[in-house]
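Right, one structure below, let's go through it.
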Amino acid sequence: MLTDVAVFFVTAILPYLAIIVLVDGLLFRLYKWMRKPKAPTIFTIYPADRSLTGAFPKLLGDIIFFPRLLREEKALWVEAWLLHISLVMAAVSHYKAFFNQMWFWEKLGATPTTFQTVSRVFDGVTGTVMVASLLFLFGRRFLRFLRELSDPEDYLVLLNILAISISGIYIRFYTNVNLLEMRRYFASLASFSPTNPPNEPIFLVHYLLVMILMIYFPFGKTVHTVGSGITNILVRLRRD
């Protein structure tokens, strides 16, 4: 009975709480950033463009390519860039859990067998790159100069994302989770009438870890992934 209550909470209540906390938390962060006092002096190195439209390509390049990190530590830049790319690839590969787009691939001339092969290779590369990058970043935390600067949050976040990655790989290659059942479950969440999720314990573990990350994200250090770009844009807007 207790297990049924826990599963119901994780699959029918927690998803809504996680989304509310994630969205409201990010909006609150944005509000706090916008309320920060404006600097009395803006230091701009000539010939940097002061307008938002003119500076947008550079802002986008900073967000995507981390040029400052590349200049300071190339090995860390490689791993950080690969991790961010693998996160994007993972987001792309998860569309299968929500939508059936086989008709699109059929229009491109791909057979179901070809699609399955390409999908497995894509997901395998994504998982391998992500886990390798996370292991590098986690191991790097034990270097003396970083160990003294790290706190438990730094380790726990990396372990959480690593657990999400490994459990996702396990689900993809070692279980028989029914995609149709999974799509039906997420569609029921969207219609606010949750049904039973796929009957696979590792899926529930993976799902729970993702929601924990969603709840933590707006309040932790990982919010820098959106914060750096937003704060740069806010600075530009205040200049105009």
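The values are calculated or read from the model by the stated rules, or taken from the named source; none is laboratory data. Values in this document were obtained by computation on a predicted structure and should not be read as measured data. FYI the Cβ positions are ideal-geometry reconstructions off the backbone, even for glycines, and counts take in every protein chain you see.
Scanning region 96-145 for residues that are under 19 Å from Ile164 (Cβ atoms), of a type outside the set (A, V, I, L, M, F, W, C) and modelled with pLDDT of 85 or more turns up Asp123, Gly124, Thr126, Gly127, Thr128, Ser133, Gly139, Arg141. Test Leu162 against the stated conditions and say whether it is in contact with a helix residue (DSSP H, G or I) (Cβ under 8 Å, 6 or more places away or on another chain), of a type outside the set (S, T, N, Q) and crowded, with 16+ Cβ neighbours inside 10 Å. Yes, satisfied. Within region 69-112, take every residue that is over 25 Å from the mean Cα position of the chain (by Cα), of a type outside the set (A, V, I, L, M) and not in a helix (DSSP H, G or I) and give me the one that is surrounded by the fewest Cβ atoms within 10 Å (Cβ to Cβ). Here the answer is Gly109.
Cβ-Cβ distances below 6 Å connect the following pairs, each with a first residue in region 134-152 that is without any contact (Cβ under 8 Å) to a residue 12 or more places away in the chain, a second residue that is in a loop (DSSP other than H, G, I, E, B), and a separation of six or more residues or different chains: Ser150/Arg141.
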